[in-house]
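Engineer: One structure, pasted below without further comment.
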Amino acid sequence: MSGTVSPMSLLPGGVATDTSSNLANEPLTLGVMGGGQLGRMFVHAAQAMGYFTAVLDPDANSPAGRVSHRHIQTDYTDSAGLQQLAQCSAAITTEFENVPAPALRELAQFKPVSPGADAVAIAQDRAAEKAHFDKCGVPCAPYAVIETPAQLDTALPANLLPGILKTTRMGYDGKGQVRVKDAEALRAAWQDLKQVPCVLEKMLPLTLECSVIVARGRDGQMVNFPVQRNLHRDGILAVTEVYEGHLPSDLQAQAVAAARAIAVGVNYVGVLCVEFFVLQDGSMVVNEMAPRPHNSGHYTLDACDQSQFDLQVRTLAGLPLTQPRQHSPAIMLNLLGDVWFNDQGVMRLPDWAAVLALPGTHLHLYGKTEARKARKMGHLNITGTTVAEVKKTALQAAAILGIEAF
Ligand code: ADP
Ligand code: MG
């Protein structure tokens, strides 16, 4: 295994030169930690540019593992698995933020890894993440870190209630969060969360939520997608809308500037998504960041000249970045497992034929065999020439699928 990190680009069409293994003369392989849907779409983008791919994920049926040239089926911390991934890959990325940071550090001893373990470690911990936002001068919701009973009882600023108690680690899609209205509910909620380290955030009056995706190369060059407007239901992204007039332009400029500052502040390499809340008084605060492509960026697959996964490939391979261009107004509907159940709770296959008969619909399914409620099974992108047309089609598709209108 080569112990040096090459500053050179991993050009498409290049072949592996490692004569010590059976990789010689194979196309260059890009590796990814994690085999979920984000990994799958990364694999598709990498393969479109002629790379081979390797996915490390313990699940035999992982969405990305099933479409990759290689699937290393071990735990994320298994040293033999990590060795194998480092050996066959020319560079390695990650597709979910709870990849153990030490595993990324181990891989980085052998091959370029982006995003780096330090950035991922910050995004994995809500307290560290908020400290990073402070450092970058980007305001977030008022909060307090709760690690001891004393911090909860005596040292708690009163203005944080009603609030949301969130575990500092491992939360996603609204999991690991409890809404608390008073001190008593807060104490009970922390007990329920097994007294793990948490942050208590003030419950803010939101008018809307938005997010922005930036991509930053190893040389510091940075590009961004337009700002997405997001609708969450039960803590899970339901709808993303991106078109002329979907957000005031000053808010968009503010979100892009904040996301760029957050990326620069951690010397980020790769694709980064930053989520924001816009409050009723028109001000904006940052919510959280994801060190990878993001569900709210899936519209880029069909509405932009480069997708967020294309940019993940480019940043990983050290290729030039050019500012992506959105060529169509777009709405993305998330397809949760709920869509596979009818009103009586009986399982059904969604009426894809009716959906695909609508002009401008692009169906993406992640190849998951079992539909469960709240599980992300796929998404539907809707594009068109006008905003009115896209909205109309999106509402028709939502009605066919039994998704609540927006
Ligand atoms: P996750 O990591 O699960 O996405 P978030 O912190 O983004 O967790 O919270 C999920 C959703 O809950 C947000 O998108 C937003 O709708 C709502 N939410 C979270 N924090 C607050 C807050 N401080 N005030 C109001 N709503 C919030
Ligand atoms: Mg979130």
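Engineer: With the structure loaded, tell me whether residue 256 is farther than 22 Å from residue 100 by Cα and either within 10 Å of ligand 1 (Cβ to nearest atom) or not small (Gly, Ala, Ser) (or both) or whether it fails that test.
Structural biologist: Working: farther than 22 Å from residue 100 by Cα: yes; either within 10 Å of ligand 1 (Cβ to nearest atom) or not small (Gly, Ala, Ser) (or both): yes.
Yes; evaluated as a whole, the condition is true for this residue.
Engineer: Please name all residue pairs, on different chains or six or more residues apart, with Cβ atoms under 7 Å, provided the first residue is in segment 85-96 and is aliphatic (A, V, I, L, M) and the second residue is open to solvent by 10 Å² or more (accessible area, probe 1.4 Å) and in a strand (DSSP E or B).
Structural biologist: Every condition considered, the pairs that remain are 92/113.
Engineer: A further question on this structure: Among the residues in segment 206-218, are any out of contact with any Ser or Thr (no Cβ under 8 Å at 6 or more places or on another chain), open to solvent by 60 Å² or more (accessible area, probe 1.4 Å) and either at positive phi or of a type in the set (Ser, Thr, Tyr) (or both)?
Structural biologist: The initial filter retains those residues of segment 206-218 that are out of contact with any Ser or Thr (no Cβ under 8 Å at 6 or more places or on another chain), namely 206-210, 212, 214.
When the remaining residues are screened for being open to solvent by 60 Å² or more (accessible area, probe 1.4 Å), the result is 206-207.
Now restrict to residues that are either at positive phi or of a type in the set (Ser, Thr, Tyr) (or both): 207.
Taking every residue of segment 206-218 in turn, at least one turns out to be out of contact with any Ser or Thr (no Cβ under 8 Å at 6 or more places or on another chain), open to solvent by 60 Å² or more (accessible area, probe 1.4 Å) and either at positive phi or of a type in the set (Ser, Thr, Tyr) (or both).
Engineer: Return the residue satisfying two criteria in turn: it lies in segment 253-280 and is surrounded by fewer than 17 Cβ atoms within 10 Å (Cβ to Cβ) and free of Cβ contacts under 8 Å to residues at least 40 places away in the same chain, and of such residues it is nearest to ligand 2 (Cβ to nearest atom).
Structural biologist: Within segment 253-280, the match that is nearest to ligand 2 (Cβ to nearest atom) is 257.
Engineer: Follow-up. Among the candidates 139, 149, 112, which residue alone is away from ligand 1 (no atom under 16 Å from the Cβ) and in contact with a strand residue (DSSP E or B) (Cβ under 8 Å, 6 or more places away or on another chain)?
Structural biologist: Just one listed residue meets the conditions, 112.
Engineer: Further, regarding this structure: Given the criterion out of contact with any strand residue (DSSP E or B) (no Cβ under 7 Å at 6 or more places or on another chain), open to solvent by 20 Å² or more (accessible area, probe 1.4 Å) and within 15 Å of ligand 1 (Cβ to nearest atom), identify the matching residue among 187, 233, 229.
Structural biologist: After applying the criteria, what remains is 233.
Engineer: Mind checking which helices (runs of 4 or more DSSP H) fall wholly inside segment 55-144 and carry at least 1 residues that are open to solvent by less than 50 Å² (accessible area, probe 1.4 Å), closer than 24 Å to residue 313 by Cβ and of a type in the set (A, V, I, L, M, F, W, C)? Before you say what the answer is, go through the steps one by one.
Structural biologist: Details: elements: 79-88, 101-108, 117-123, 126-135.
Once the helices (runs of 4 or more DSSP H) in segment 55-144 are filtered for at least 1 residues that are open to solvent by less than 50 Å² (accessible area, probe 1.4 Å), closer than 24 Å to residue 313 by Cβ and of a type in the set (A, V, I, L, M, F, W, C), what remains is 79-88, 101-108, 117-123.
Engineer: Still on this structure: Kindly indicate whether residue 316 is in contact (Cβ under 8 Å) with a residue 40 or more places away in the chain, surrounded by 22 or more Cβ atoms within 10 Å (Cβ to Cβ) and closer than 16 Å to residue 239 by Cβ.
Structural biologist: no
Engineer: Right, residue 301: open to solvent by less than 20 Å² (accessible area, probe 1.4 Å), more than 16 Å from ligand 1 (Cβ to nearest atom) and either free of Cβ contacts under 8 Å to residues at least 60 places away in the same chain or not in a loop (DSSP other than H, G, I, E, B) (or both) or not?
Structural biologist: It is false that residue 301 is open to solvent by less than 20 Å² (accessible area, probe 1.4 Å), more than 16 Å from ligand 1 (Cβ to nearest atom) and either free of Cβ contacts under 8 Å to residues at least 60 places away in the same chain or not in a loop (DSSP other than H, G, I, E, B) (or both).
Engineer: So which residues in segment 152-173 are within 12 Å of ligand 1 (Cβ to nearest atom) and open to solvent by less than 30 Å² (accessible area, probe 1.4 Å), if there are any at all?
Structural biologist: 160, 163, 164, 165, 166, 167, 168, 171
The values are calculated or read from the model by the stated rules, or taken from the named source; none is laboratory data. From a predicted model like this one, the values you see are computed outputs, not experimental measurements. Here the Cβ is made from the backbone with ideal geometry for all residues, glycine too, and neighbour counts use every protein chain on show. Please note that ligands, DNA and RNA were not included when accessible areas were found on the heavy atoms of the full protein model with its side chains. Shrake-Rupley method; radii C 1.70, N 1.55, O 1.52, S 1.80 Å.
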